Structure formats: structure tokens, C-alpha cells
Amino acid sequence: RKKAKVTERIEHYSVLRAYMAVDRADVCLILIDAAEGFTEQDSKVAGYAHEQGKASIIVVNKWDLIEKDNKTMREYEDKLKNDFSFMSYAPFLFISAKTGQRVQKLFSLIREVYLQNNIRISTGMLNDVLAYATTRVQPPSDKGKRLKIYYITQQFQAPTFVIFVNRADLFHFSYQRYLENQIRSTFGLSGTPVRFVVRERAKDEK
């Protein structure tokens with residue numbers, strides 16, 4: 001909501017309630033008012049959902065109020081992709097609760113995202129992807145020491161992957177993002193964040 005419309009105390013309370021709802025949710029719908037656009041509060045709630053590893057869909061409501069041509073939706077989505085760059089995995093859906101436009105599609109998308117968030121990937125399949133990825137792009141090195149990735153396994157639902165390496169400090173963010181993209185291109189994981197837990201393993205450790 002616009003700050004002029006509410007008091008600071010009410011705004012703080014509404015955000016707190018939103019955080020509590022995120023904690024209870026299996027799938028979070030980040031609801032954007034098409035006429036108002038992306039707001040600071042949208043950013044706070046979406047950021048919290050991302051930090052909690054929640055599956056999310058960005059829903060743009062009141063789409064019936066927007067004057068459109070054949071480029072409007074794409075341009076609006078491109079702007080929101082920039083606003084929501086921290087959760088690029090989240091799909092977008094433009095709806096009108098008033099007219100019912102695409103509302104039925106929303107329910108099928110919720111189910112799809114929920115299933116993706118609860119997917120279980122075998123260790124064997126994950127390590128096949130890892131082998132392909134590291135062959136295609138070698139892990140980074142520093143001062144003659146190269147990162148070695150021994151294996152990867154899924155730890156939890158809401159996809160969290162444990163990766164065993166020789167040196168965690170060599171596992172740079174850019175290479176983690178590369179591996180995430182490889183996993184997503186193979187298994188999908190639409191609407192769900194991906195987390196890596198990096199653990200060092202001694203060379204002689206079984």
C-alpha cells in the first residue's frame with residue numbers, strides 16, 4: 001500500500017501478518033496491483049519468502065484496468081523481472097480477480113509449482129548433471145589450487161543440495177549459479193528457490 005494511505009503502525013503490523021502467512025504457506029502468491037506497480041512492501045514480503053525457501057508465483061492483479069497493446073504484457077513483465085531479480089525462478093501470471101481472467105490458470109500453476117518444490121532428485125541423477133557441468137566448464141582455481149567437487153546430494157524438499165568439495169572458499173558464487181542453472185535446465189524447479197550447502201571433505205575422508 002502507498003504510505004500516504006496507512007499509518008506506520010498499521011503498515012508494520014500488516015507486514016508482520018504477511019510474514020506469518022509466508023511461514024505457514026506451501027506456495028506464496030506475491031500479489032502486485034497492476035495499476036500501482038511494484039512497491040517497497042512487495043519487495044519486503046517477496047524477499048522474506050525467498051529467504052525462507054518458499055515456492056512463489058508473482059501474480060499481477062487488476063490487469064483489466066491497464067490499457068494494452070500487443071507489447072504491454074511483455075514490457076510489464078520485463079520491468080518486474082528487474083524488480084524481482086532476486087527471485088528469477090518465480091513465474092508470472094497476469095489476472096483479473098474482478099473479471100476472472102486467467103484465475104483458473106492460477107490454480108493449475110499453484111499445483112505445478114507445489115510439485116516442483118517437493119521434487120526428490122536421486123543422488124545418481126544429480127551427480128550425472130554435476131559430471132556433465134564440470135566437464136563443460138571447469139571449476140575455478142586460485143594460486144594453483146583448483147576446486148574439486150566430489151559429489152552432490154539433495155538434503156531436503158524445497159530443493160536444498162549438499163555439495164562436498166575440497167575447499168569451500170574456491171566455490172565462488174558465479175560457479176554456484178552456473179551449477180544451479182544446469183540443475184534447473186535438467187529438472188525444471190519452476191517457482192522454487194535452490195539452495196546449496198557447501199561442505200569441505202578431507203582428501204582421505206571416506
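Bear in mind that the values in this text are calculations on the coordinates, not laboratory data. Keep in mind the model is a prediction, meaning the values are calculated, not measured. So basically every Cβ, Gly included, is an ideal-geometry build from the backbone, and we count neighbours across all protein chains shown.
Taking amide hydrogens as modeled 1.01 Å from N in the peptide plane, which residues meet the under 5 Å criterion relative to residue 31, leaving out close sequence neighbours? So residue 31 has HN proximity to 59. Placing dummy labels 7 Å off each Cα toward the beta-carbon, the span from residue 123 to residue 64 is 5.4 nm.
In this simple spin-label approximation, residue 75 and residue 111 carry label points 7 Å from Cα along the Cα→Cβ vector, and these lie 3.6 nm apart. Taken over the stretch 134-183, the percentage of Cα pairs per 5 Å bin, counting from 0 up to the bin with the maximum distance, is 5, 18, 31, 28, 12, 5, 2, 0. Subtracting the Cα-Cα distance of residue 156 and residue 101 from 0.36 nm times their residue separation leaves 16.2 nm of extension gain. Can you tell me the FRET efficiency between residue 172 and residue 12 if r is taken as the Cβ-Cβ distance and R0 is 35 Å, rounded to the nearest 0.05? The calculated FRET efficiency here is 0.40.
Here's how it looks for residue 151: its modeled amide H is under 5 Å from those of 164, which are all 5 or more places away or on a different chain.
For Cα extents along the principal axes in Å, one of (1) 53, 50, 30; (2) 62, 40, 31; (3) 53, 39, 32 was computed from the structure I shared and the rest are decoys. Which label? Correct label, based on the coordinates given: (2).
Full extension from residue 184 to residue 141: what is 0.36 nm times the residue separation minus their Cα-Cα distance, to one decimal in nm? The partial results should precede the final answer.
On the way: separation 43, 0.36 × 43 = 15.48 nm, distance 2.45 nm.
That pair, residue 184 and residue 141, stretches by 13.0 nm at full extension.
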